[in-house]
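The values are calculated or read from the model by the stated rules, or taken from the named source; none is laboratory data. Here the structure is a predicted model, which means the values were calculated and not measured. A quick note on method: Cβ atoms are made from the backbone with ideal geometry, for glycine too, and the neighbour counts reach across all protein chains shown.
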């Protein structure tokens, strides 16, 4: 018999197992994949955005759903301690734009190797198993049963199976099913930090834009997100860093009409851009307008700009009137696309929704409904904006669950 069984070998599960084992508990970590940290391999484009070098309050401010629930866990294991944890394991870290933290090597494999090293040093028993069910005795959890038929008796169980995003990494919703068996309610799940559907973008499929400004407007025209960076046109709409960040601000896509507005020239105010247009039109006076615009914007974008500005493109540059130039300028400063939906949760970086946090103790992640059950990570109805904040949530809730389970087992 082991003291604690941890279900899920992702960020939260690994930290939970390490924390509990370091406190003297015998810990068995059950991961359905052959290797731990499958999702960590692909985070930060394979570089692993470990955390964000932010304060606890800044982390909370970057968590739109149930942020106060995280106050205790973040305070116990803030970003600076996460960074120290990995550096003590031999992974040098660096801080980039937006206080994003990455391994100096730019290799997510280094983070996973460090977790494996910490698990081994702590004496965690790592097994490849998929958990089929929880087992109980006298109303308390007493172990888990696996698909293999093996049973693992224990005093406490930590569920850290992730959400529904990227199911190929093992996040298939098993944790929600297990949580429901002890009475937990699960808030509807959807993707966040996810590409957005906007069919009007299809003609520009494959076009990548850098140094543009993206605004997301709600149905009342209020700007709910605004940032500069990169985006990508796809066959279904828009993707890329800016769009993923914007998606976290979609509160109710079913009830609200959202619009994405792209400023193609954010470094130029309207007056400066107008002077630039006048200069280009004057220098190319006898050229077709569409060819003159190629000095300002990518070729594949020009038909859309002309259409939105009410122009054809084969008119000569010297025939463009001032009102037409004004419409062209306004289009370049605000190329708008209605959002018709988000891509499926399976394509999202993070799952929004999950186990209702009012049913979980924020101090130690223990279930309020069943003794001996602890829950951590993406499984919970807490998610944050991009920039390392979601992994920070996984690390700190995982550690809190590990410490809490150890205390429950009398090993604090």
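With the requirement that a residue be surrounded by 22 or more Cβ atoms within 10 Å (Cβ to Cβ) and in a loop (DSSP other than H, G, I, E, B), what does region 128-163 give you?
160, 161, 162, 163, listed by residue number.
Within region 295-308, how many residues are surrounded by fewer than 16 Cβ atoms within 10 Å (Cβ to Cβ) and either closer than 18 Å to residue 204 by Cβ or at pLDDT 95 or above (or both)?
Residues of region 295-308 that are surrounded by fewer than 16 Cβ atoms within 10 Å (Cβ to Cβ), as a first pass: 295, 298-300, 303, 307.
From what is left, the residues that are either closer than 18 Å to residue 204 by Cβ or at pLDDT 95 or above (or both) are 298-300, 303, 307.
The number of residues fulfilling the criteria is 5.
Only residues that are within 15 Å of residue 98 (Cα to Cα), assigned to a helix (DSSP H, G or I) and at pLDDT 95 or above: list them for region 42-60, please.
Of everything in region 42-60, those that are within 15 Å of residue 98 (Cα to Cα), assigned to a helix (DSSP H, G or I) and at pLDDT 95 or above turn out to be 58, 59.
Which of the numbered conditions does residue 360 fail, given that it passes all the others? Conditions: (1) assigned by TED's automatic domain parsing to the domain that holds residue 274; (2) farther than 30 Å from residue 221 by Cβ.
So the condition that residue 360 fails would be (1).
Among the residues that make up region 215-233, is at least one of them within 21 Å of the chain's Cα centre (by Cα), within 19 Å of residue 384 (Cβ to Cβ), surrounded by fewer than 18 Cβ atoms within 10 Å (Cβ to Cβ) and in contact (Cβ under 8 Å) with a residue 40 or more places away in the chain?
There is no residue in region 215-233 that is within 21 Å of the chain's Cα centre (by Cα), within 19 Å of residue 384 (Cβ to Cβ), surrounded by fewer than 18 Cβ atoms within 10 Å (Cβ to Cβ) and in contact (Cβ under 8 Å) with a residue 40 or more places away in the chain.
Is it true that residue 191 is without any contact (Cβ under 8 Å) to a residue 60 or more places away in the chain, outside any loop (DSSP other than H, G, I, E, B) and crowded, with 16+ Cβ neighbours inside 10 Å?
The answer is no for residue 191.
Just give me the residues in region 97-127 being assigned to a loop (DSSP other than H, G, I, E, B) and either surrounded by 15 or more Cβ atoms within 10 Å (Cβ to Cβ) or more than 25 Å from the chain's Cα centre (by Cα) (or both), in sequence order. Break it down into steps so the answer makes sense when it comes.
Step one: filter region 97-127 for residues assigned to a loop (DSSP other than H, G, I, E, B), giving 104-107, 123-124.
Across region 97-127, the qualifying residues are 105, 107, 123, 124.
Working carefully through the options 16, 12, find the one that is in contact (Cβ under 8 Å) with a residue 24 or more places away in the chain, buried (at least 24 other Cβ atoms within 10 Å of the Cβ), touching a strand residue (DSSP E or B) at 6+ places or on another chain (Cβ under 7 Å) and not in a loop (DSSP other than H, G, I, E, B).
On the way: 12 fails: touching a strand residue (DSSP E or B) at 6+ places or on another chain (Cβ under 7 Å).
Within the list 16, 12, the selection yields 16.
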